Amino acid sequence: MANDVPKSVWRNPIHFLAFGCGSGTVDKAPGTFGTLAAIPAYLLMQNLDYQLYFWLLLASFIVGVYLCDKTSKDLGVHDHPGIVWDEFVGYWITMFLAPAGWLYIIVGFVLFRIFDILKPWPISWVDKHVHGGFGIMIDDVLAGILAFAALQGLIQMGL
C-alpha cells in the first residue's frame with residue numbers, strides 16, 4: 001500500500017510532528033525511516049542525566065498520544081502508516097541507559113525494528129485491541145521496552 005501523504009503534513013504542525021517531521025512521508029517502510037529520523041534527536045539526548053531522559057520520554061509519550069490521536073482523527077485513518085512519532089518514542093525507550101557509541105545506536109535500531117515489525121505477544125494483542133492515540137503509541141512503547149531489555153542484556157553480556 002502506498003503511503004498517501006496528506007497535504008496537511010506540510011501545513012499543520014501537529015500532523016508534521018506526528019509524521020516524524022516529515023520522515024513518515026516515504027512510500028516504503030515509513031516506520032523504518034521514522035526510526036532513522038529519531039537518531040539525530042537521540043544524539044542530542046544521549047548525554048542527558050538518566051532522570052531527565054526518563055522525564056523527556058514520559059513527556060514525549062504523552063505528547064505523542066495527543067499528536068497521534070489528533071492526526072489519525074483528522075485524517076480519518078487509524079494508525080496511518082506515515083504516523084511515526086510512535087517510532088521516535090519507541091526507539092528512544094530502546095536507547096534509555098545505553099552507552100554512547102554508534103555500535104549501540106545501530107544495535108538498538110535493529111532490535112527496535114525487529115520487535116516493532118514482528119510484534120510478539122503482548123505487542124500483537126495490544127496492536128489489535130487498543131485504539132486511538134494511546135493505541136498507536138503503546139505498541140511501539142512495548143516494542144521499545146522489549147528492545148531495551150534485549151539491548152541491556154547484550155550490554156551485560158559484553159556487547
Report task. Could you look through the stretch 4-16, keep only residues that are free of Cβ contacts under 8 Å to residues at least 40 places away in the same chain and among the hydrophobic types (A, V, I, L, M, F, W, C), and pick out the one that is surrounded by the most Cβ atoms within 10 Å (Cβ to Cβ)? Result -> PHE16
Report summary line: For helices (runs of 4 or more DSSP H) lying entirely in the stretch 17-130, having 1 or more residues that are farther than 22 Å from ALA150 by Cα and free of Cβ contacts under 8 Å to residues at least 40 places away in the same chain picks out 30-45, 50-75, 123-129
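Would you mind stating whether GLY144 is surrounded by 20 or more Cβ atoms within 10 Å (Cβ to Cβ), closer than 20 Å to LEU48 by Cα and without any contact (Cβ under 8 Å) to a residue 60 or more places away in the chain?
Values: surrounded by 20 or more Cβ atoms within 10 Å (Cβ to Cβ): yes; closer than 20 Å to LEU48 by Cα: yes; without any contact (Cβ under 8 Å) to a residue 60 or more places away in the chain: yes.
Spelling it out, GLY144 is indeed surrounded by 20 or more Cβ atoms within 10 Å (Cβ to Cβ), closer than 20 Å to LEU48 by Cα and without any contact (Cβ under 8 Å) to a residue 60 or more places away in the chain.
So which of LEU57, LEU111, LEU67, LEU44 is modelled with pLDDT of 95 or more, among the hydrophobic types (A, V, I, L, M, F, W, C) and surrounded by fewer than 12 Cβ atoms within 10 Å (Cβ to Cβ)? Spell out the reasoning first.
Numbers: LEU57 fails: surrounded by fewer than 12 Cβ atoms within 10 Å (Cβ to Cβ); LEU111 fails: surrounded by fewer than 12 Cβ atoms within 10 Å (Cβ to Cβ); LEU67 fails: surrounded by fewer than 12 Cβ atoms within 10 Å (Cβ to Cβ).
Of LEU57, LEU111, LEU67, LEU44, the one residue that is modelled with pLDDT of 95 or more, among the hydrophobic types (A, V, I, L, M, F, W, C) and surrounded by fewer than 12 Cβ atoms within 10 Å (Cβ to Cβ) is LEU44.
Which residue out of ASP79, ASP49, ASP116, ASP86 is more than 21 Å from PRO30 (Cβ to Cβ) and of a type in the set (Asp, Glu)? I'd like the intermediate steps shown before the answer.
On the way: ASP79 fails: more than 21 Å from PRO30 (Cβ to Cβ); ASP116 fails: more than 21 Å from PRO30 (Cβ to Cβ); ASP86 fails: more than 21 Å from PRO30 (Cβ to Cβ).
Exactly one residue qualifies, and that residue is ASP49.
The values are calculated or read from the model by the stated rules, or taken from the named source; none is laboratory data. Please read these numbers as outputs of a predicted model, since none were measured by experiment. In this analysis, Cβ positions are derived from the backbone assuming ideal geometry, glycine residues included, and neighbour counts consider all displayed protein chains.
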